[in-house]
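Reviewing the structure listed below.
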Amino acid sequence: MIFSPNHSEDCGKQNSKTVNPLFVIVTHCRTPPGQFILCFMALKSIKTTAVYILLTSSLFVLSNCATSAPPLQPGNQIEEEEGLTPMQTRLVDAAYWARGRKDVSCNNKSFTMDCSGVVSAVYWKAGIDLQAAYPLYTGNGVTRIYRYLEDKKLLYRPEEPAPGDIIFWDNSYDKNNNGKADDELTHIGMVVEISSRGDVTYIHHDYISGVIFAHMYPPDPSDKSRNNGMRIQSLGPTPDGKSTSGDLYRKAGRGWELKPAG
């Protein structure tokens, strides 16, 4: 899903020629011309300007289109079509803002260029301070965010998480260097969208490529055409053969339900 801001056309120029009000109704109100055929015939037969204007005004009222709708901005269409909350919409917009950036500092706050820093920056730009609770917990950034959502009872493990959900993975690398698949909470990302087929697009910080979008399909984690690699390539799969984003998916958290900052 790619968003492009809509730009309003310049409607300020006036033309000295007389504009047929029916043309205005059809073009600016996006009303099928067929609905106005009878009205058009009536207008053509009327010579009195006052009546002509009166009928034209009535058409505007009847068509419920006195003014044009404002142009959709990035994210507005998601909320309208998919039923996202305003916060989820802001988080999706923030993810598109963050993708490809070399620095995700925003709103007078700096963030580290790692997985927890990027997710924290996306949330901060949308209005939620994930790091406000850092002093209450120990461990890396991934662990602290996880414990925060756990205490708020916002963790769950769906096969189809929601846009704005924070995703947690285990065993993306061998954190304790023991060669076993016992490394919990090693990576974090955020859901950007869910396709009609159930494929999850998420944003995260890749140690090689930077801030990117990637994909996951929890119902079939072994399908590498629908699941990006998650484990550091140089390590190879875990001893039990797991390596994809679907394989190593631990849980998701509805961080977008947290109280906004300030």
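The values are calculated or read from the model by the stated rules, or taken from the named source; none is laboratory data. None of the values given here were measured: they were computed from a predicted structure. Cβ atoms come from the backbone with ideal geometry, glycine included; neighbour counts cover every protein chain shown.
Some points to look at:
- Of the criteria (1) at pLDDT 95 or above; (2) surrounded by fewer than 15 Cβ atoms within 10 Å (Cβ to Cβ); (3) not in a loop (DSSP other than H, G, I, E, B), which one GLU81 fails: (1)
- For the range 124-164, the set of residues classified as in contact with a strand residue (DSSP E or B) (Cβ under 8 Å, 6 or more places away or on another chain), of a type in the set (Lys, Arg) and within 14 Å of ARG250 (Cβ to Cβ) consists of ARG157 only.
- Given (1) within 20 Å of the chain's Cα centre (by Cα); (2) buried (at least 22 other Cβ atoms within 10 Å of the Cβ); (3) closer than 23 Å to ILE232 by Cα, index of the condition TYR146 fails: (1)
- Yes/no for TYR202 being assigned by TED's automatic domain parsing to the domain that holds ASP182 and surrounded by 21 or more Cβ atoms within 10 Å (Cβ to Cβ): yes
- A search for C-beta distances below 6 Å between a residue of the range 146-163 that is under 19 Å from SER116 (Cα atoms) and in the same structural domain as LEU130 (by TED's automatic domain parsing) and any residue that is buried (at least 19 other Cβ atoms within 10 Å of the Cβ) and aromatic (Phe, Trp, Tyr), counting only pairs 6+ apart in sequence or on different chains, returns TYR146/PHE168.
- Of all residues in the range 117-144, those being outside any helix (DSSP H, G or I), free of Cβ contacts under 8 Å to residues at least 60 places away in the same chain and not β-branched (Val, Ile, Thr) number 3.
- Selected residue (only one of ASN171, ASN178, ASN227 is among the polar types (S, T, N, Q), assigned by TED's automatic domain parsing to the domain that holds TRP124 and farther than 18 Å from LYS251 by Cβ): ASN178
- Residue check, LYS175 free of Cβ contacts under 8 Å to residues at least 24 places away in the same chain and closer than 24 Å to THR112 by Cα: yes
- Residue check for ASP151: among the charged types (D, E, K, R) and buried (at least 18 other Cβ atoms within 10 Å of the Cβ): no
To keep it simple, each residue is scored yes or no on (1) within 13 Å of ILE188 (Cβ to Cβ); (2) of a type in the set (S, T, N, Q).
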{"residue": "THR85", "(1), (2)": "no, yes"}
{"residue": "TYR96", "(1), (2)": "no, no"}
{"residue": "SER116", "(1), (2)": "yes, yes"}
{"residue": "ASP129", "(1), (2)": "no, no"}
{"residue": "TYR134", "(1), (2)": "no, no"}
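- Remark: GLU159 matches the filter, which requires a residue to be more than 24 Å from VAL211 (Cβ to Cβ), in contact with a Pro (Cβ under 9 Å, 6 or more places away or on another chain) and not basic (Lys, Arg).
- Number of residues in the range 100-143 that are within 18 Å of the chain's Cα centre (by Cα), surrounded by fewer than 16 Cβ atoms within 10 Å (Cβ to Cβ) and closer than 11 Å to HIS205 by Cβ equals 1.
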